Structure formats: C-alpha cells, structure tokens
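Working notes for the structure below.
The values are calculated or read from the model by the stated rules, or taken from the named source; none is laboratory data. None of the values given here were measured: they were computed from a predicted structure. Counting neighbours? That spans all protein chains shown, and the Cβs are built from the backbone with ideal geometry, glycine included.
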Amino acid sequence: MKRLFALAIPLAALAVAATATGRPTASCPTLNAGTLTIGTDNPAYPPWYGGNQGHGWKISDPYSGKGYESAVAYAVARELGYSKAKVKWVYVPFSKSFAPGKKSFDFDITQISYTPERAKVVDFSSSYYDVNQAIVVRNGTPIAKVRSVAGLRPYTLAAQLGTTSLNFIRSKIEPKSLRVYGTNDKAVFALKNKLVDGVVVDLPTAFYVTAVQVPNSKILGQFASTTGEHFGMVFQNGNPLRACVNRALATLKRNGTLKRIQATWLSKVVSVPVLK
C-alpha cells in the first residue's frame, strides 16, 4: 500500500480534453479524448443512484442522472464541458476504487470517504458530501430500545470490510462482538437473518436498507461526526484532472447547485436522532 504508481494517460487524451469553455486543453486530461469515464460499484443503490436498473447495473442505473451521486457526477461533467452523451460509466468494485495501481476511470464516485491511508495511493477531490454514520436495527429487538453509544456495546454489530463504518465501530463503539463482511449486501443480509443485532452504514444508505432491504427495521440513530468525514471522488494518484474537478465542485457549491441536488435526493437525513 506504500508504493506510489505513476499516472499513465494516453497522449491523445492529453491533447484534447473538454472544459467548461468547450475548447480543447491539456490541463484537464481524460483517459479517452472527448469522453469522461466515471467509475462506480454495482449494484448501484438509492439514494446515491436512481431510475430502473439498466446498462448492466442492478437496482438503479448511473446513466439515469437520478440519485445524489449520479446527479453530482453529471453536474461536474457539465462544468467540465461534457454533455450527458459524452459520459461513460464503468463498473469498479468498491475496494478496488481506492487500491493502488492504474485506473480504468477518470474519477470514481461510490461513497468513498477520504482517509489519510487511502490518500497515500490515490488522490481525492474536495468533499461533495459530508458524512454521518448511522446504525440500522430490527424493530422489536432489545437493541431497538438503545438511546446511546454506550448502550450499543453489549450487542453484535456488522459492517463492510474496508469501510469507515467499520473503523467507526472499532474506534467509537467497541461492541462485545463485531462481524465483518466482504460487501455491504452481506452485512445487511446478516441483519435481515438475525445473525447480527445492528449494521452500521452511512446515513443515506441506512434509509435504503430500512425501506427496501430489511423488512420491519429502523434507523436507530446517527452518530455526530467528530472527524470531518466526507466523501470525495477518487483519482489515480497524480491525475491533473483532480484540480479541474475541484474547481467544478467549488462552482457547484458557490452557485447552490450542490445544495439543490442534496435537497432533492437526501432530504430525509436531517430527521434522524443523534446517538451520543
């Protein structure tokens, strides 16, 4: 994980890259000239992605422009000068998106939290969403009556391997028992089938878990962030496109676009109680 990999960009892409002005430039390179290639995981879950499944994606379709991350990605693309037709989505497993090595995308957007360790081998954009973790439990179980972080410690909790949700459980909750799963789906399956008492995920994902994946479940609460955790788009280490995307994000924040997208797709997150 300590080795840094050089950025390899086709010369053709360096020669022509779209910008908000529509003029070619070498300062915002893409893997393929005239196309912005964006990576994300599969399935593509609400509220991050929306629409019906399609283009090879299950649950939802990143090409739809619906869902928070899809809408943000297309808004950034527009700022860079790319029409929707010039955006290409590629499947990238979550754990591979921030692993060392050459990337098959210009940037990846898959609820990837910035951490210093990850930033040693990939580059991150500035924040496009500030994150709170949350815990989902089954209704009618003893844990469903808990109202504090300390009250969670006697129970068995679960999270996906390699996530900040897992790090949060280990560092802030320290439960009696912890089960780690290779994918979030497997952690949620464990909750649904009563193998664990609760699963920790980011707050917007918790809404999808309770609405679709685990019947008779609820969001017990969210945890106030004390670390400034945030999601960033991921780039191959050293990719100059990051600066272009950061400028685009700054514009979207300044003109209110990012706030409007969040209000459209993540409006429910403010109503969840905070566990302390």
Here the qualifying pairs (Cβ atoms under 9 Å; residues six or more apart or on different chains; first in region 127-153 and under 30 Å from Lys253 (Cβ atoms) and modelled with pLDDT of 95 or more; second of a type outside the set (D, E, K, R) and surrounded by fewer than 12 Cβ atoms within 10 Å (Cβ to Cβ)) come out as Ser127/Gly228
Residue hits (region 250-269; hydrophobic (A, V, I, L, M, F, W, C) and over 22 Å from Ile173 (Cα atoms)) are Ala250, Leu252, Leu258, Ile261, Ala263, Trp265, Leu266
Q: Report yes if some residue within region 146-153 is at positive phi and not charged (D, E, K, R); otherwise report no.
A: no
In region 196-227, anything over 22 Å from Ser148 (Cα atoms) and touching a Phe, Trp or Tyr at 6+ places or on another chain (Cβ under 8 Å) is listed as Tyr208
**Message:** Take the conditions over 30 Å from Gly256 (Cα atoms) and either polar (S, T, N, Q) or touching a helix residue (DSSP H, G or I) at 6+ places or on another chain (Cβ under 9 Å) (or both) and apply them to Val121. Does it pass?
**Reply:** no
Scanning region 146-166 residue by residue, those over 30 Å from Ile38 (Cα atoms) and touching a Leu at 6+ places or on another chain (Cβ under 9 Å) turn out to be Val146, Arg147, Ser148, Val149, Gly151, Leu152, Thr156, Leu157
